[in-house]
Amino acid sequence: VMNESKQQRPKPVPVAAVVDQWKETEMGKTRKKYEKLSEKIVSWEDKQRKKAKRKLHRTERGVEKTKLKAIERFRDENERIEIIVASARAHAYESQTKEELKVKEKANLMRATGRKPSTCL
């Protein structure tokens, strides 16, 4: 009967084999853990890069709008300057014409009366 009980008992597994199996299991867990972490890092990186790109595009659009507004203000200002200059030139020309007419009339009067201008030498 003793023979039978010895046969039923499992053979002891060598310690080295158990340690190797445990090591492989733990290494697998560790790899999985760091693969997940690596995926999270890559995901975060992608998200941040997309966010930065969106911000860049938003800023560029803002800069473009600002540039267009500045160009529009410049054109408006030039238009205003042109109107003022045209008005000033017209006024100056009108004043010059009036003064020249006065001088001509005065000269004609002097010729008619025979008087010399008082400022003449």
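The values are calculated or read from the model by the stated rules, or taken from the named source; none is laboratory data. Fair warning: this is a prediction, and the values are worked out from it, not measured in the lab. So basically every Cβ, Gly included, is an ideal-geometry build from the backbone, and we count neighbours across all protein chains shown. These accessible areas exclude ligands, DNA and RNA; they are computed on the full protein's heavy atoms, side chains included. Shrake-Rupley method; radii C 1.70, N 1.55, O 1.52, S 1.80 Å.
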Residues satisfying the stated conditions in region 82-96, i.e. open to solvent by 70 Å² or more (accessible area, probe 1.4 Å) and of a type in the set (Val, Ile, Thr):
Ile83, Ile84
Which numbered condition Lys36 fails, given (1) loosely packed, with under 10 Cβ neighbours inside 10 Å; (2) assigned to a helix (DSSP H, G or I); (3) not aliphatic (A, V, I, L, M)
(1)
